[in-house]
1. Which of the residues that make up segment 9-33 are over 17 Å from the mean Cα position of the chain (by Cα), of a type outside the set (S, T, N, Q) and part of a helix (DSSP H, G or I)?
2. Scan Thr137, Thr165, Thr170 and give me the residue that is within 19 Å of Val41 (Cα to Cα), β-branched (Val, Ile, Thr) and outside the structural domain of Thr43 (by TED's automatic domain parsing).
3. Being among the small types (Gly, Ala, Ser), touching a strand residue (DSSP E or B) at 6+ places or on another chain (Cβ under 7 Å) and in the same structural domain as Gln19 (by TED's automatic domain parsing): is that true of Ala130 here?
4. Answer yes or no as to whether Glu216 is surrounded by fewer than 15 Cβ atoms within 10 Å (Cβ to Cβ), out of contact with any strand residue (DSSP E or B) (no Cβ under 6 Å at 6 or more places or on another chain) and either charged (D, E, K, R) or more than 24 Å from Arg65 (Cβ to Cβ) (or both).
5. Please count how many residues of segment 138-151 are in a loop (DSSP other than H, G, I, E, B) and in contact (Cβ under 8 Å) with a residue 60 or more places away in the chain.
6. Does Arg87 count as touching a residue at least 12 places away in the same chain (Cβ under 8 Å), over 21 Å from Lys8 (Cα atoms) and touching a Lys or Arg at 6+ places or on another chain (Cβ under 9 Å)?
7. Does Glu195 qualify as being of a type in the set (Asp, Glu), assigned to a helix (DSSP H, G or I) and in the same structural domain as Glu218 (by TED's automatic domain parsing)?
8. Checking the conditions here, which among Ala72, Ala31, Ala17 is among the aliphatic types (A, V, I, L, M), over 18 Å from Phe182 (Cβ atoms) and surrounded by fewer than 21 Cβ atoms within 10 Å (Cβ to Cβ)?
Amino acid sequence: MNSSVVNKEIKSLIRPALQEAGFTQFTPRTAWRYARGQLDVITFQSINSYLANSIGCTTFSFFVRLGCCFDAIPQSDRIKKKKGHSRPEEYQCQFRLTLQKSIEQTNLKRTDVWYVDPTGENLEAVIADAKKAILETGLSWFNRYSDPAEVLRTLLEDSESNASTHGFGTKPSPIRHFFTGFVALSLGQARLAKEHLKAALDSGCFNEFEPKMRSEIERIENTS
């Protein structure tokens, strides 16, 4: 039993469902979907030997992690591209979610890790449950954030939690101001955009995007 066997099962049993849902680019462990205003990522994250020993699982057990990137928010030049398409890793996305398994696994109580036993005897059941989590929870999570108004509401109101949507920072962190400013800008909420872009700019945390933020703030001031 090894990770390549897991990869084959993912490709055989899960990729067709992802293709049907609109995902078009793939590696053995990651899928990307490109929609208007949004880029969706699903990755089956393998577990290194250190973590596997720490939590008591095999290295071919895995997490299923989701990420959303929004066109309204500028992307770093460090994000990889292929054939003209951005291919961010899940951890580079602005909104992220770790799915939970629904099967009970006595070998590993953690609900965020799908445990694959050393013989691979349970692999089919594990992959089936991961697919179920994607179809029943993951796709609806992506769909929720296809509404820019919901993205903005989340940034303005919600607390960040590793158990739910996360990646956008705590209040009032610079990264949260940065995201909020550009999403508000895309929705035509100029005053709100200016407030948050200025806070992000004043933090000094976004050297790569300082010219763009200054330009947008200046444009808002000149049109108000």
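The values are calculated or read from the model by the stated rules, or taken from the named source; none is laboratory data. Keep in mind that this is a model prediction, so the values were computed, not measured. Cβ placement follows ideal geometry from the backbone for every residue including glycine, while neighbour counts extend to all protein chains displayed.
1. Passing the criteria: Glu9, Ile10, Lys11, Leu13, Ile14, Arg15, Pro16, Ala17, Glu20.
2. Result of the check over Thr137, Thr165, Thr170: Thr165.
3. yes
4. Judged against the criteria, Glu216 is not a match.
5. Total meeting the criteria: 2.
6. yes
7. Criteria met by Glu195.
8. Ala17
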